[in-house]
Amino acid sequence: MALLERNDIAIDLGTVNTIVRNNAEDIIFCEATCITLEDMGDSKRVVCIGDQAKKMMGRAPSNFEVINPLLNGAISDFETTKTFISALISLGQTSKLAPRVGISIPRNLTQVERHSLYEATILAGAKEAFLVEDPFSASVGAGLDISTARAKMVIDAGGGLIEASVISLGGLIASAFTKEAGDFVDYALIEYCRYNKNIGISKELAEKIKRQIRVFGENPIINIGAKSLSNGMPISYELNLDELKHVLLTGMFKIKNTILETIQKSPPQIAPDLIEDGAILTGGMALIEGMKEFLEEELKMQINLSPNPLLDISKGACIIMQNYDAYDRVEWSGGSIVDNS
């Protein structure tokens with residue numbers, strides 16, 4: 001009988017990481033948003049996806065393409081995104097019937113970008129495509145009750161986008177975003193090493209370095225494998241992380257300014273709620289050591305770190321999709337379900 005029951009799949013299709021669930025508790029896939037394709041001449045074959053594909057970046061032979069199909073939460077390569085989503089659906093499908101697929105999306109996507117993602121999802125094998133904006137899925141996944149008149153502020157600090165939003169009565173009060181997010185810091189670290197240390201490092205190494213930098217307190221000196229830009233040879237290089245602190249701080253100030261912009265757009269009536277409850281911080285950048293303390297110091301308000309910042313959006317999208325009627329009773333400014341039948 002189970003073979004005749006249609007199942008639901010929720011996807012947090014992030015610029016850096018993708019998370020797939022078929023219920024609110026079980027995670028099917030939590031790996032890099034990356035896919036490796038082999039050029040077969042007249043067609044392309046999927047070699048692998050996720051972390052395995054990411055490890056092949058810069059190491060694959062010439063007939064292999066290692067692709068990140070998203071840029072700042074939007075599709076950068078339609079055909080590859082369709083193939084990637086199809087692979088994700090195959091992982092989550094538990095029935096012979098095509099599943100309903102819910103995807104959480106950034107608020108700043110245009111209607112054209114939303115339609116492209118919807119179309120890619122349908123062509124990838126979904127029976128229905130359900131799109132809900134990240135502020136709502138992040139809030140629900142973090143355990144916030146967004147149906148009440150008490151305003152809730154959620155800060156989604158991801159790899160491709162930083163979004164700060166205020167939600168009340170199931171609708172959006174104010175929101176702001178910046179594309180200068182986690183990836184922005186990674187590339188800034190690469191550029192700093194290039195122009196100030198005359199070494200080349202990979203994005204993967206830059207990401208690891210970013211997570212080792214301490215905003216408060218002294219930083220260690222670490223040894224890294226890099227490429228000398230003077231002679232092109234691989235070298236072992238001692239890097240003082242204290243010298244890179246200002247690069248990370250630049251990215252953190254971007255987050256602060258995005259939060260301030262959201263608060264400034266909000267009506268004065270929500271001020272008491274923000275004073276008493278503060279804001280909840282979620283997303284991959286929330287795991288940066290000192291992020292919470294930095295924002296509290298700069299904003300002079302309470303910042304609550306979500307227990308599972310990487311998983312909130314996928315969990316919230318799953319809960320909303322599986323309880324759509326309950327959430328449909330409040331005014332949704334972002335959630336939309338489209339039936340392809």
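The values are calculated or read from the model by the stated rules, or taken from the named source; none is laboratory data. Here the structure is a predicted model, which means the values were calculated and not measured. All Cβ positions, even for glycine, are placed from backbone atoms using ideal geometry, and neighbour counts span all protein chains on display. With ligands, DNA and RNA removed, areas are computed over all heavy atoms of the protein, side chains included. Shrake-Rupley method; radii C 1.70, N 1.55, O 1.52, S 1.80 Å.
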Legend entry - Boolean, S306 is open to solvent by less than 60 Å² (accessible area, probe 1.4 Å), among the polar types (S, T, N, Q), in contact with a Leu (Cβ under 7 Å, 6 or more places away or on another chain) and on the phi < 0 side of the Ramachandran plot: yes
Inset, instruction - Determine, yes or no, whether S104 is surrounded by fewer than 18 Cβ atoms within 10 Å (Cβ to Cβ), of a type outside the set (V, I, T) and outside any helix (DSSP H, G or I). - result: no
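For every residue, the table says whether it meets (1) surrounded by 19 or more Cβ atoms within 10 Å (Cβ to Cβ); (2) in contact with a strand residue (DSSP E or B) (Cβ under 6 Å, 6 or more places away or on another chain); (3) under 19 Å from A10 (Cβ atoms).
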site	(1), (2), (3)
G41	no, no, no
R45	no, yes, no
Q52	no, no, no
S62	no, no, no
N72	yes, no, no
F84	yes, yes, yes
G92	yes, yes, yes
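Being touching a strand residue (DSSP E or B) at 6+ places or on another chain (Cβ under 7 Å) and either loosely packed, with under 14 Cβ neighbours inside 10 Å or polar (S, T, N, Q) (or both): is that true of T110 here? Break it down into steps so the answer makes sense when it comes.
Details: touching a strand residue (DSSP E or B) at 6+ places or on another chain (Cβ under 7 Å): no; either loosely packed, with under 14 Cβ neighbours inside 10 Å or polar (S, T, N, Q) (or both): yes.
Spelling it out, it is not the case that T110 is touching a strand residue (DSSP E or B) at 6+ places or on another chain (Cβ under 7 Å) and either loosely packed, with under 14 Cβ neighbours inside 10 Å or polar (S, T, N, Q) (or both).
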Inset, instruction - Would you be able to say whether some residue in region 148-163 is over 18 Å from the mean Cα position of the chain (by Cα) and over 15 Å from A279 (Cβ atoms)? - result: yes
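Could you count how many residues in region 120-162 are in a loop (DSSP other than H, G, I, E, B) and β-branched (V, I, T)? Working first, answer last.
Pass one, region 120-162, residues in a loop (DSSP other than H, G, I, E, B): 124-127, 142-151, 158-161.
Still in the list and also β-branched (V, I, T): 146, 148.
Final tally of qualifying residues: 2.
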Legend entry - Flag for F177 being of a type outside the set (D, E, K, R), under 19 Å from the mean Cα position of the chain (by Cα), over 26 Å from E276 (Cα atoms) and open to solvent by 50 Å² or more (accessible area, probe 1.4 Å): no
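Name the residue that is nearest to P268 (Cα to Cα), counting only residues in region 163-197 that are assigned to a loop (DSSP other than H, G, I, E, B) and among the aliphatic types (A, V, I, L, M).
Applying the first criterion (assigned to a loop (DSSP other than H, G, I, E, B)) to region 163-197 yields 169-170, 179-181, 197.
So of that shortlist, the ones also among the aliphatic types (A, V, I, L, M) come out as 169, 181.
On the way: L169: 16, A181: 28 Å.
Checked region 163-197; the qualifying residue nearest to P268 (Cα to Cα) is L169.
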Legend entry - Subset of region 4-49 [touching a residue at least 60 places away in the same chain (Cβ under 8 Å) and either within 18 Å of N63 (Cβ to Cβ) or in a loop (DSSP other than H, G, I, E, B) (or both)]: E5, R6, N7, G14, T15, V16, N22, N23, A24
Inset, instruction - Mind listing whichever residues of region 51-87 are modelled with pLDDT of 90 or more and of a type in the set (F, W, Y)? - result: F64, F84
Legend entry - Extreme residue, surrounded by the most Cβ atoms within 10 Å (Cβ to Cβ), among residues of region 9-36 that are farther than 18 Å from A53 by Cα and modelled with pLDDT under 90: N22
Legend entry - Residues within region 143-177 that are touching a Gly at 6+ places or on another chain (Cβ under 7 Å) and closer than 19 Å to M301 by Cα, tallied: 2
